[in-house]
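To start, the structure under review is shown below, and the notes come after it.
Rule-based calculations on the coordinates, nothing more; no lab input. Bear in mind the structure is a predicted one, so any value in this text is a computation, not a measurement. Here Cβ is always computed from backbone atoms with ideal geometry, including for glycine, and neighbour counts include all displayed protein chains.
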Amino acid sequence: MRRAVPIIAAVLLASTATVGSTPGEAVTFTAEQAAAGAVVFNQQCVGCHDGSDAPVLTHPGVWSHWAGRPAYRLYDFITQFMPADRPGILPRENYVLAMAHLLQLNGMAASDNPLSEDVDSLRRQIAPLARP
Ligand code: HEC
């Protein structure tokens, strides 16, 4: 329990003092990641997320849950809870790719900077989703 304080302090410090990274900057992903993520999504996610067992992932709740929040929240959610029938089974890299696809589906444009699986970066970056 005592460890919690230094970890939180480190996260706060990282968010204000990291060189080359402005707090609250938008999360980024590349077109290649989004394209590869569509393949992952079609194999691992769309079976439920076609509106049958789970919502299509462009419904208004998606942006109201995740828009303007740290990108880490969405990453944390999908890595812990998805696929709902086999949570956490995908390699981290595939979650990152699927997340890039989700960001694109929800109105974000690809850029030259890849989406990272680095937790500190994901905590600093915001997912500014747009209403599709
Ligand atoms: C076995 C069915 C199933 C599979 C496969 C599945 N999901 Fe889900 N997913 C769900 C259900 C059910 C919910 C709704 C959970 C809730 O609202 O509590 C959900 C919710 C979500 C949400 C939140 C939606 C929102 O409204 O904000 C995201 C994001 C998500 N899933 C991503 C994924 C990704 C990425 C994959 C593939 C790696 C995946 N899911 C695979 C069943 C599934």
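For ALA127, what is the net charge nearby, where nearby means another residue's Cβ is under 9 Å from its Cβ and Lys, Arg count +1, Asp, Glu -1? Charge balance near ALA127 sits at +2.
The distance between label points at GLN80 and CYS48 comes to 1.5 nm (points 7 Å beyond Cα on the Cα→Cβ vector). Each semi-axis of the equivalent ellipsoid for the stretch 23-127 is √(5λ) with λ an eigenvalue of the Cα gyration tensor; in descending order they amount to 20, 14, 14 Å.
Extension gain, VAL119 to ARG92: 0.36 nm times the residue separation minus the Cα-Cα distance gives 8.6 nm.
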